[in-house]
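**Q** I have a structure here, written as structure tokens, and I will follow up with some questions on it.
The values are calculated or read from the model by the stated rules, or taken from the named source; none is laboratory data. Please read these numbers as outputs of a predicted model, since none were measured by experiment. Heads up, the Cβs are rebuilt from the backbone with ideal geometry, glycines too, and the neighbour counts pull from every protein chain shown.
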Amino acid sequence: MQRMPPGVTEARRSWLGPPLRTLRQPAFDAACAELMRLVDADYTPTVIVGIRTGGLVVAEAMARSRATPLPVLPITCRRISTGTKTRLPLVRTALARLPRPVTDVMRRLEHRWITTRRTRQDRPQRIDQAEADVIAAWLHTASQPRVLVADDAVDSGVTLATVLRLLRAAGPPGMALRSAAITQTLDHPIVTPDYVLCRGTLCRFPWSLDAAR
């Protein structure tokens with residue numbers, strides 16, 4: 001599905017990589033509501049598992065958009081690139097001062113570098129065991145759980161594949177499991193989300209380091 005909600009800024013395609021869309025808060029909320037409607041038309045989840053950090057924000061926004069509330073449970077899957085950037089106290093300030101065309105180029109180059117590394121390494125990432133135990137306990141006390149895993153963006157698919165593998169092992173027999181993401185940036189990730197708003201596109205989210213303006 002290629003359609004995005006109104007208010008999304010789109011860049012032209014470039015040799016540097018996929019086009020880049022900026023989702024400020026209203027457009028982000030609209031995108032999450034649209035994704036939830038897409039899911040609800042085909043699947044009735046009883047819980048949303050949000051992959052920290054961006055996926056958890058997506059999961060919470062999706063749950064808020066529904067007339068009937070849904071519980072949201074967090075799961076952490078360590079991403080080396082995100083951890084490195086957030087440990088640098090001056091990165092956000094520096095990026096906010098750069099012209100937008102410069103940060104657009106940097107974002108595309110970063111995407112090419114990170115996804116190339118992840119695809120070559122193809123290694124499962126580290127899961128927070130305490131959060132995994134909470135999810136497993138919830139699943140085993142629920143009646144016929146129908147799980148939706150939410151993430152902001154799927155690149156190589158390593159993170160999503162790791163979480164889905166964990167949930168399949170931790171859940172009870174007969175558990176239903178599907179996944180959703182705002183964007184899928186690569187054509188052939190290890191695992192493809194069941195529901196996705198946009199393919200072949202990078203998204204700048206409200207919490208992104210280069211989102212401040």
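**Q** Which of the residues spanning the stretch 176-206 are of a type in the set (A, V, I, L, M, F, W, C) and part of a loop (DSSP other than H, G, I, E, B)?
**A** The answer is Leu186, Ile190, Val191, Phe205.
**Q** Inside the stretch 27-81, can you point out the residues that are in contact with a Pro (Cβ under 6 Å, 6 or more places away or on another chain) and among the β-branched types (Val, Ile, Thr)?
**A** Thr46, Val47
**Q** If you don't mind, another one. Note down all Cβ pairs under 9 Å where the first residue falls in the stretch 51-76 and is within 18 Å of Pro193 (Cα to Cα), the second is of a type in the set (Phe, Trp, Tyr) and surrounded by fewer than 18 Cβ atoms within 10 Å (Cβ to Cβ), and they're at least six residues apart or on different chains.
**A** What qualifies is Thr53/Trp207; Gly54/Trp207; Val57/Trp207.
**Q** Can you confirm whether Arg168 is within 26 Å of Thr44 (Cα to Cα) and either touching a residue at least 24 places away in the same chain (Cβ under 8 Å) or crowded, with 21+ Cβ neighbours inside 10 Å (or both)?
**A** Spelling it out, it is not the case that Arg168 is within 26 Å of Thr44 (Cα to Cα) and either touching a residue at least 24 places away in the same chain (Cβ under 8 Å) or crowded, with 21+ Cβ neighbours inside 10 Å (or both).
**Q** Related question: Please tell me if Leu177 is modelled with pLDDT of 95 or more, of a type outside the set (Gly, Ala, Ser) and within 20 Å of the chain's Cα centre (by Cα).
**A** Spelling it out, Leu177 is indeed modelled with pLDDT of 95 or more, of a type outside the set (Gly, Ala, Ser) and within 20 Å of the chain's Cα centre (by Cα).
**Q** I'm trying to understand the selection: among the residues of the stretch 140-156, which are touching a residue at least 60 places away in the same chain (Cβ under 8 Å) and crowded, with 18+ Cβ neighbours inside 10 Å?
**A** If the condition is that a residue be touching a residue at least 60 places away in the same chain (Cβ under 8 Å) and crowded, with 18+ Cβ neighbours inside 10 Å, then Pro145, Val147, Leu148, Val149, Ala150, Asp151, Asp152, Ala153 are the ones that fit.
**Q** Could you say whether any residue in the stretch 44-53 is part of a helix (DSSP H, G or I) and more than 12 Å from the chain's Cα centre (by Cα)?
**A** For the stretch 44-53, residues part of a helix (DSSP H, G or I) and more than 12 Å from the chain's Cα centre (by Cα): absent.
**Q** Which ranges mark the helices (runs of 4 or more DSSP H) fully within the stretch 67-169 that have 2 or more residues being modelled with pLDDT of 90 or more?
**A** 129-141
**Q** If Tyr195 meets every condition in (1) under 13 Å from the mean Cα position of the chain (by Cα); (2) closer than 19 Å to Leu73 by Cβ; (3) surrounded by fewer than 18 Cβ atoms within 10 Å (Cβ to Cβ) apart from one, which number is that one?
**A** With respect to (1) under 13 Å from the mean Cα position of the chain (by Cα); (2) closer than 19 Å to Leu73 by Cβ; (3) surrounded by fewer than 18 Cβ atoms within 10 Å (Cβ to Cβ), Tyr195 is out only on (3).
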